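Trainee: This is the structure, below, for whatever I ask next.
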Amino acid sequence: MFAGCHVSIREGYLGAAKVAYQLGANAFQYFPKNPRSLSIKDYNQQDAQLCKQFCKEYNIVSVAHTPYPTSLTPSEEKRELTVTSLLNDLSIAEACGSIGVVVHFGSQIDPNDPLKAYQLMISVLNEVLKQWDGQTLLLIENIAGKPGSMGTTIEELVQIRNLTDYSEKIGFCFDTCHAFASGVWDGDIHQAFIEKGLEHDYFSNVKAIHLNNSKYGLNSGKDRHAGIMAGKIKSEALKNLVRADEVKDLPFILETPTEDHGQEIKDIRSFQQE
Ligand SMILES: [Zn+2]
């Protein structure tokens, strides 16, 4: 099982991989650059190369996560910066040997014309991906919102990917907290969720799982992660997901507000083993 957590790049990319390894992880996520800014990072290529080699040697899978201000539905003023930032993230991730760069689904920009946001998202994705020739994929993540709000459903994820000109460069990252908060997935609707995913050919393009618990309940619409054993999602539901044939071989990455990620990694490994 590929299991791990989000780690800091305080000690560089190789340093991040080593921190993950020391925690007992064989999967990790990192911010390729300052998480609070879209500015371009002139990164240390040698460090990235060493990270890639280390991960290859120890069979570790990594994904990068775009900085917080990244939006696939940017304002006109932010569009160019967003596109160059995403290309910068993809380049760094590729150099580090990462399988993908996680980016959140876009958000509504015009309440009177909901389609506008989807159209903008497709156009931004096309602009980025026509300039990208690497192996690293852009992984679109489902977001947390009240049931029915933008970016929460399997249908939207699959449609957006299909409607771009470069669908082969796009995969998905599934976040359990976001799906639970949006009412898309829970223990009780687990089987229906799996069936819907298969029907829409979603799982063949899911490349990573953000395994998080949720501080708030089903349908709350709130994006507040909780420790894996300390939230509203029952362990049984998380176990069912981790064991599902459709996802069991993917990297499971914790984004939980916990001090002891080593213990949580053991906990989620036990979900699959029991
Ligand atoms: Zn996430």
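Trainee: Assign one of three labels to segment 40-109, namely rounded, prolate or oblate, based on the Cα gyration tensor with a ≥ b ≥ c the square roots of its eigenvalues; rounded applies when a/c is under 1.5, prolate when it is not and a/b is larger than b/c, and oblate otherwise.
Mentor: oblate
Trainee: In addition: Taking only C-alpha pairs under 8 Å that are 6+ residues apart, what is the relative contact order of segment 152-274 in percent?
Mentor: The normalised contact order for segment 152-274 reaches 25 percent.
Trainee: Please work out whether segment 1-151 counts as rounded, prolate or oblate from its C-alpha gyration tensor, where a ≥ b ≥ c are the square roots of the eigenvalues and a/c under 1.5 means rounded, while otherwise a/b larger than b/c means prolate and anything else oblate?
Mentor: prolate
Trainee: List the GluC sites (Glu not before Pro) within segment 1-104 that fall in a DSSP loop (any state other than H, G, I, E or B) and whose Cβ has at most 15 other Cβ atoms within 10 Å.
Mentor: Of the GluC sites (Glu not before Pro), the ones in loops of segment 1-104 whose Cβ has at most 15 other Cβ atoms within 10 Å are GLU11, GLU76, GLU77.
Trainee: I want to make sure I understand the PRE zone here: with the label point 7 angstrom from the Cα of ASP249 toward its beta carbon, which residues in segment 130-155 have backbone N atoms less than 11 Å away?
Mentor: Once the point is set 7 Å along Cα→Cβ of ASP249, nothing inside segment 130-155 turns out to lie under 11 Å by backbone N.
Trainee: Report the antiparallel proportion of the DSSP beta bridges in the chain as a percent, rounded to a multiple of 5.
Mentor: Close to 5 percent.
Trainee: If we sort 166-174, 195-203 on the protection proxy, mean other Cβ atoms within 10 Å, highest first, what's the order?
Mentor: For the peptides 166-174, 195-203, the packing ranking is 166-174, 195-203.
Trainee: Once you have all Cα-Cα distances for the chain, histogram them in 5 Å bins from zero and send the whole-percent values.
Mentor: The distribution over the chain is 1, 6, 13, 18, 19, 18, 14, 8, 2, 0, 0, given as percents.
Trainee: Let me ask you something else. Would you mind checking LYS207/LYS239; LYS56/LYS239; LYS234/LYS266 for any pair whose Cα atoms are more than 20 angstrom apart?
Mentor: Distance filter (> 20 Å) returns LYS56/LYS239.
Trainee: Around TYR202, with a cut-off of 12 angstrom between Cβ atoms, what is the net charge of the other residues, counting Lys and Arg +1 and Asp and Glu -1?
Mentor: Overall, the nearby charge balance is -3.
Trainee: Another question about this same structure. Give, rounded to the nearest 20 debye, the magnitude of the charge dipole that segment 145-274 has about its Cα centre when Lys and Arg contribute +1 at Cβ and Asp and Glu contribute -1 at Cβ.
Mentor: For this selection, approximately 320 debye.
Laboratory data are not the source of any read-out in this text; all were calculated from the coordinates shown. Note that the structure is a prediction, hence the values are computed from the model and not measured. Virtual Cβ from ideal backbone geometry, glycine too; neighbours counted across all protein chains shown.
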